[in-house]
2 protein chains.
Amino acid sequence: MELPKRMADMAKEVDERLMHYLDYGKYPKLRKAMIHYPEAGGKRMRPVLAMLVAEAVGKRGKATMPFGCALEIIHNFTLVHDDVMDKDEMRRGRPAVHVLYDEPTAIIAGDALFARAYAILCDTDVPGEDLRRLVRTVSETVYLIAEGQQMDIDFEARQTVGVEEYVLMVEEKTAVLFACAAEGGAIIAGGTDQQVRDMKECARLWGIGFQIWDDVLGILGDEKKTGKPVGNDIRNGKRTLIIVHALEQLKRPCSDRDVLLNALGNEKASAEEVGEAIAVLERTGSIDFVTKQAHEYARKAKELLQCLPPSEEKSMISSLIDYAVGRDR
Amino acid sequence: MELPKRMADMAKEVDERLMHYLDYGKYPKLRKAMIHYPEAGGKRMRPVLAMLVAEAVGKRGKATMPFGCALEIIHNFTLVHDDVMDKDEMRRGRPAVHVLYDEPTAIIAGDALFARAYAILCDTDVPGEDLRRLVRTVSETVYLIAEGQQMDIDFEARQTVGVEEYVLMVEEKTAVLFACAAEGGAIIAGGTDQQVRDMKECARLWGIGFQIWDDVLGILGDEKKTGKPVGNDIRNGKRTLIIVHALEQLKRPCSDRDVLLNALGNEKASAEEVGEAIAVLERTGSIDFVTKQAHEYARKAKELLQCLPPSEEKSMISSLIDYAVGRDR
């Protein structure tokens, strides 16, 4: 399909501007710590989404560049801090910032990225009052991301987590930044109130679908697309929606529960043990449940695209939504 | 003198608005972690400064409230993160956020405070284009604070630090936020370009003077004002400008150097040993050097007040500058 190629081109444009924006500051160590994640690449989904929405709403895709780069920098700042908190030592195949330097430097680099993002946001070519709307939505969004991260951290220490609160965590930790990207794109393009509202909601739903579909890939594996081997999330014990759902079904002691808990977080689990755990997830209907949920979020997201006039970019957003929940195959 | 009373009244007004602004968010643990430092009080010097400048420039003191509270919140966010990095366990007589909760919660609470500050900033009653100026200067300021904190952390690992780079660190870590407060106050009050520029520079100079005078108090003691006992900074081994200057004078091995290093960072140093170390600092001219520097920064800061028309608030700013370098006695 054409989608990845066009997206890759747009992502490349974002890369260049991003590196230009991060060529800033006089303290070499801090500069290097700040660009460590951004320079490692990524799909730049948030800036690309902002660009597509602004183009679809009012042919102002290019004008989203500072805003989109600001969101990408914010995304990277949260990754730097998350890795410190989660003690994750690798990211995108490279050592985490706090491993390459130290924890204080990683905390400072995150803070500096966050500050830099707002300075870049100010470069957005919109009337001052629209800039106010952008600053406000970005700030409210980062607040929600912080809440989501706090929930995620606190879930780790708990025995059980419910499906509903898990989805709320996913929404705050991930989907809200997609929502902000789409909302900002619509604002920058001078969209109507309804377009701004609907595109925000569309991207929020999409973001949730995208993230929970990622949980499916983490268990069923998708080496081609993500490099994740089968059962990856089972071996590393990640609490995903599939696991949350399955453990809700298996509250009482039973052999299926034992089989699942035996493989979960067991890095040395054999392929057979992982296979048995996946069979349990199929019997509890958890893989099916999450797949259906992801598709349902995507369906609702696509409905909201009605607010946009027909355009190539509108079709691309629609394809992107399908792509994000594995419906492009 | 009248100053503390009026300042205390203004600080109280700030307190109320601050608590109102931080009554936000749905996750109780995060909310509590966020207000832990702000509710412990403080002189609210940054919001008070913004208010005084705006009143002196154009009778718009009250209009600085959201901006001033945003700066106070940013100040508190940096304290939360600094305490994590420095492993400081107490702040304002209470356990640090990362001690009361844990490090991840402290990192998140800092990030959330930072995000919240920008949302509050958007409430400032100024034209959109002036909001753009405020967002830009706040962002550039926080970037400098991050650089200053990085320098401070890196200095700890070094044998020697020069006077010049130490002053640069103090400027970035502390003075720039004062500068931002005064600049923002002038912008909000519709000041001329010269007023905006001069008030920013005035507060920057003042901020450096204030901070290095604090170093003098930390060594000579000022129990009445700050509760710091004589030699406090000597016993805890804090690297202040006085120590930096003295060690520059005592590069070669000598008995004065031994006496100073014996007491420095030695929590069990006797009153006599501390007294001898202070005598060394007098012999190297370091206490005198820093005192003169502080007064010189204050003098230059006061010169810049020329850009303001006469007013009660202008006199208050002038008194505040004297107060901050111990010249009010």
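The values are calculated or read from the model by the stated rules, or taken from the named source; none is laboratory data. Keep in mind it's a predicted model, so treat the numbers as computed, not measured. So basically every Cβ, Gly included, is an ideal-geometry build from the backbone, and we count neighbours across all protein chains shown. Heavy atoms of the whole protein, side chains included, go into the accessibility calculation; ligands, DNA and RNA do not. Shrake-Rupley method; radii C 1.70, N 1.55, O 1.52, S 1.80 Å.
Of the residues making up the stretch A:125-143, those that are more than 7 Å from chain B (Cβ to nearest Cβ) and open to solvent by 70 Å² or more (accessible area, probe 1.4 Å) number 2.
Quick check on the stretch A:1-11: of everything there that is out of contact with any Lys or Arg (no Cβ under 9 Å at 6 or more places or on another chain) and part of a helix (DSSP H, G or I), which residue is modelled with the highest pLDDT? Filtering the stretch A:1-11 for residues that are out of contact with any Lys or Arg (no Cβ under 9 Å at 6 or more places or on another chain) and part of a helix (DSSP H, G or I), the one modelled with the highest pLDDT comes out as A:ASP9.
Number of residues in the stretch B:261-288 that are open to solvent by less than 60 Å² (accessible area, probe 1.4 Å) and within 25 Å of B:PHE210 (Cα to Cα): the value is 13. Would you check if there is a residue in the stretch A:111-123 being over 28 Å from A:ALA186 (Cβ atoms), at the interface with chain B (Cβ under 8 Å from one of its Cβ atoms) and surrounded by 24 or more Cβ atoms within 10 Å (Cβ to Cβ)? Within the stretch A:111-123, one or more residues are over 28 Å from A:ALA186 (Cβ atoms), at the interface with chain B (Cβ under 8 Å from one of its Cβ atoms) and surrounded by 24 or more Cβ atoms within 10 Å (Cβ to Cβ). Taken over the stretch B:144-162, the criterion of being of a type outside the set (A, V, I, L, M, F, W, C) and either open to solvent by less than 10 Å² (accessible area, probe 1.4 Å) or in contact with a Lys or Arg (Cβ under 9 Å, 6 or more places away or on another chain) (or both) is satisfied by B:GLU147, B:GLY148, B:GLN149, B:GLN150, B:ASP152, B:ASP154, B:GLU156, B:THR160.
Residues satisfying the criterion are absent from the stretch B:65-73 (criterion: within 29 Å of A:GLU172 (Cα to Cα), within 12 Å of another protein chain (Cβ to nearest Cβ), in contact with a Pro (Cβ under 6 Å, 6 or more places away or on another chain) and not in a loop (DSSP other than H, G, I, E, B)).
Here is the figure for the stretch B:237-251: residues that are open to solvent by less than 50 Å² (accessible area, probe 1.4 Å) and part of a helix (DSSP H, G or I) total 7. If you go through the stretch A:60-98 and keep only what is of a type in the set (A, V, I, L, M) and open to solvent by less than 10 Å² (accessible area, probe 1.4 Å), you end up with A:ALA70, A:LEU71, A:ILE73, A:ILE74, A:VAL80, A:VAL84, A:ALA96, A:VAL97.
State yes or no: is A:ASP215 out of contact with any Asp or Glu (no Cβ under 8 Å at 6 or more places or on another chain) and either farther than 17 Å from A:GLY285 by Cβ or modelled with pLDDT under 95 (or both)? Criteria not met by A:ASP215. Of all the residues in the stretch B:300-329, those that are within 13 Å of B:ALA182 (Cβ to Cβ) and exposed (fewer than 15 other Cβ atoms within 10 Å of the Cβ) number 0. On the basis of being more than 23 Å from A:VAL48 (Cα to Cα), more than 7 Å from chain B (Cβ to nearest Cβ), modelled with pLDDT under 95 and surrounded by 16 or more Cβ atoms within 10 Å (Cβ to Cβ), does A:VAL167 make the cut? No.
Residue by residue, here is whether (1) more than 21 Å from the chain's Cα centre (by Cα); (2) of a type in the set (S, T, N, Q); (3) at pLDDT below 95 holds:
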residue: B:ARG235; (1), (2), (3): yes, no, yes
residue: B:THR240; (1), (2), (3): no, yes, yes
residue: B:PRO253; (1), (2), (3): yes, no, yes
residue: B:GLY265; (1), (2), (3): yes, no, yes
residue: B:LYS268; (1), (2), (3): yes, no, yes
residue: B:TYR297; (1), (2), (3): no, no, no
residue: B:ALA301; (1), (2), (3): no, no, no
residue: B:PRO310; (1), (2), (3): yes, no, no
residue: B:SER319; (1), (2), (3): no, yes, yes
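Restricting the stretch B:6-60 to residues that are under 29 Å from B:GLU201 (Cβ atoms) and among the basic types (Lys, Arg), the residue that is farthest from the other protein chains (Cβ to nearest Cβ) is B:ARG6. Counted as qualifying within the stretch A:252-329 are the helices (runs of 4 or more DSSP H) with 3 or more residues that are more than 30 Å from A:GLN195 (Cβ to Cβ), namely A:255-263, A:271-283, A:286-303.
Within the stretch B:43-54, track down each residue that is over 25 Å from A:TYR143 (Cα atoms) and either modelled with pLDDT of 95 or more or open to solvent by 30 Å² or more (accessible area, probe 1.4 Å) (or both). Of everything in the stretch B:43-54, those that are over 25 Å from A:TYR143 (Cα atoms) and either modelled with pLDDT of 95 or more or open to solvent by 30 Å² or more (accessible area, probe 1.4 Å) (or both) turn out to be B:LYS43, B:VAL48, B:LEU49, B:ALA50, B:MET51, B:LEU52, B:VAL53, B:ALA54. Do the conditions hold for B:PHE155, that is, is it more than 8 Å from chain A (Cβ to nearest Cβ), assigned to a helix (DSSP H, G or I) and touching a residue at least 40 places away in the same chain (Cβ under 8 Å)? Against the criterion (more than 8 Å from chain A (Cβ to nearest Cβ), assigned to a helix (DSSP H, G or I) and touching a residue at least 40 places away in the same chain (Cβ under 8 Å)), B:PHE155 qualifies. Scan the stretch B:171-187 for residues that are of a type in the set (Val, Ile, Thr) and crowded, with 24+ Cβ neighbours inside 10 Å and the total you get is 2.
The test for being in a helix (DSSP H, G or I), open to solvent by 10 Å² or more (accessible area, probe 1.4 Å) and among the aromatic types (Phe, Trp, Tyr) holds for A:TRP213.
The single condition among (1) free of Cβ contacts under 8 Å to residues at least 40 places away in the same chain; (2) at the interface with chain A (Cβ under 9 Å from one of its Cβ atoms) that B:ALA96 does not satisfy is (2). Of the candidates B:VAL14, B:VAL57, the single residue that is assigned to a helix (DSSP H, G or I), open to solvent by 20 Å² or more (accessible area, probe 1.4 Å), out of contact with any His (no Cβ under 8 Å at 6 or more places or on another chain) and farther than 26 Å from B:GLU103 by Cα is B:VAL57. With respect to the conditions (1) more than 22 Å from A:PRO66 (Cβ to Cβ); (2) part of a helix (DSSP H, G or I); (3) in contact with a Leu (Cβ under 8 Å, 6 or more places away or on another chain); (4) not polar (S, T, N, Q), A:PHE178 falls short on a single one, namely (1).
Consider the stretch A:99-108 and keep the residues that are more than 8 Å from every other protein chain (Cβ to nearest Cβ), part of a helix (DSSP H, G or I) and touching a residue at least 40 places away in the same chain (Cβ under 8 Å). The one that is most open to solvent (accessible area, probe 1.4 Å) is A:LEU100.
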